[in-house]
Every structure is written in C-alpha cells, then in structure tokens.
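A.B. asks: One structure follows; several queries about it will come next.
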Amino acid sequence: MRTFIAIKIKPDALLQEVISSLRMILGGEAINWVDPINFHLTLKFLGETSETQLTHVKKILKGVALSHPPFEIRPMGLGYFKSNGMPRVLFMKVHDEGQMAEIAGEIQDLLVPVGFEEDTRKFNAHLTLARIRFLKDKKRFYDAVDKFSNLSLPQYAIKELTFFQSILKPSGPHYHELAALSLGGISDLAVHTY
C-alpha cells in the first residue's frame, strides 16, 4: 500500500474564503482543486509500504510524536511549483518556528534503516490547494498569486501527526488514516490506530 506521514489541516472560515476567491478568479482554467477534507502538510511520502514496515513506522512515529510538544503554524501567502516552466501545483506557504522541518528530518533519519529512501530535496512546508493541468491565461494566474502574496491567516494549533494510506482513484486520491499520534502525549491515548 502507498503511505505518507502528514499533519492534518482543518480549514477555518478565512482559508475557505481565500480558496473560494481563488476558484472564482481562476474559473475556467484546467485546475483540480484539493477537497478541503484532504488538506494536510506532508512530512514524509513513503510510497509502497509492506506490512512489516507498517508496524515499524507506527512504532517510530509514536516515539517521534511523544518527543515533540504541540506547536503552531501560520498559513502565509501563496506559492506554486513549476514543471517544465509551467505552474503545476498551487499552494499556501506555511510558517512555523522550525518544528515541522525538525520532525520531518527526525522521521526521515529513523525510517532509512527500515528501508525507505532518504529525500534529496530540502523540506518545504506547504499546503497544496490545487493541481494545475493547463493554464489558458497565465497572467491571470500570476496576478491571483500576487494578490494573496502578503496574506497572513490566523495560527493553527498542531497537536498530532497522522499516518495515511493513499488510495488513488479516478476521482482523485482518497486518504485513509492508519494511525493518529498525539504530540507530547497530550491525550490519554497517544496512538489511535484505524
């Protein structure tokens, strides 16, 4: 099964408003918007994961989660990733005090001995809003990104890490929670397995 480790994000009313505005501005473009129920910040994409690896990952994540206290993030401005000179992913930038990169690095270091590849790219915290198939009006897209470049939304409290299975369907990816792990042991039950 394909898996990844992430932080779930439940969008508040302001973030929903920003997304609605972007959808109106960019209406008619070949853009697949991420369903807000699937919003997350990826810490580590694992890919194909065996049953044996699943057990190791859950154990590793429990230790990582317990060793880090809850923290806050702030969504700030828009960005995009390009492929072959074309914008392909529209995202919200995310600011924290370095906790996400620290946790992602720790997870990566602990998972390499279990058979997962080390990421070669630097960790870049972002919230994917949409995947872009094609833009008829690139200027309109760049103007929309610029319009929200100084946007700063309220902080989100991050209290858990989530281990997901990614199921690819024609309608888009479906994410199934395999485990939710409370940061710093803040709840009575630090690991919820599904």
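A.B. asks: With a 1.4 Å probe and every protein chain left in place, work out the accessible area per residue of the chain in Å², rounded to a whole number.
C.D. replies: Ligands and nucleic acids excluded, the result is 54 Å² per residue.
A.B. asks: Also, quick follow-up: Cross-link partners among lysines for Lys62, C-alpha distance below 21 Å, same-chain residues fewer than 8 apart left out?
C.D. replies: Lys8, Lys44, Lys159
A.B. asks: Helix 51-66 versus the longest principal axis of the chain: what angle, 0 to 90°, nearest 10, using Cα atoms?
C.D. replies: 80
A.B. asks: Which of Thr162, Thr120, Thr49 moves the most in a Gaussian network model of the chain with Cα springs under 10 Å?
C.D. replies: Result for the chain, Cα springs under 10 Å: Thr120 fluctuates most.
A.B. asks: Related question: Given bins 5 angstrom wide, list per bin the percent of all Cα-Cα distances in the chain, short to long.
C.D. replies: With 5 Å bins starting at 0, P(r) equals 1, 7, 15, 19, 19, 16, 12, 7, 4, 1, 0.
A.B. asks: Under a GNM of the chain (C-alpha, springs under 10 Å), which listed residue has the highest mean-square fluctuation: Ile19, Ile37, Ile103?
C.D. replies: Evaluated over the chain, the most mobile residue of the options is Ile37.
A.B. asks: Given the DSSP H assignment, sum -39500 (n - 2.57) over each helix run of at least 4 residues in the chain and divide by its residue total; what's the result at 222 nm in deg cm²/dmol, nearest 500?
C.D. replies: So the helix-based figure for the chain works out to -8500 deg cm²/dmol.
A.B. asks: How many nm is it between the label spots at Glu48 and Met24, if each spot is 7 Å from the Cα in line with the beta carbon?
C.D. replies: Distance between label points: 4.7 nm.
A.B. asks: For Lys139, go through the lysines and keep the ones whose alpha-carbon is under 21 Å away, minus same-chain ones fewer than eight residues off.
C.D. replies: Partners within reach: Lys82, Lys93, Lys147.
A.B. asks: Take the Cβ-Cβ distance between Ser149 and Lys58 as r, set R0 to 41 Å, and report the resulting FRET efficiency rounded to the nearest 0.05.
C.D. replies: The formula returns an efficiency of 0.55 here.
A.B. asks: Length gain on complete extension for the stretch Ala157 to Ala101, per 0.36 nm per residue less the alpha carbon to alpha carbon distance?
C.D. replies: On the way: separation 56, 0.36 × 56 = 20.16 nm, distance 1.62 nm.
The Ala157-Ala101 span can extend by a further 18.5 nm.
A.B. asks: What part of the accessible area of the chain, given as a whole %, is carbon or sulfur when the probe is 1.4 angstrom?
C.D. replies: In the chain, the share of accessible area belonging to carbon and sulfur is 52 percent.
The values are calculated or read from the model by the stated rules, or taken from the named source; none is laboratory data. Quantities reported herein were computed from a predicted structural model and do not represent experimental measurements. Heads up, the Cβs are rebuilt from the backbone with ideal geometry, glycines too, and the neighbour counts pull from every protein chain shown. Keep in mind that these areas ignore ligands, DNA and RNA; they rest on the heavy atoms of the full protein, side chains included. Shrake-Rupley method; radii C 1.70, N 1.55, O 1.52, S 1.80 Å.
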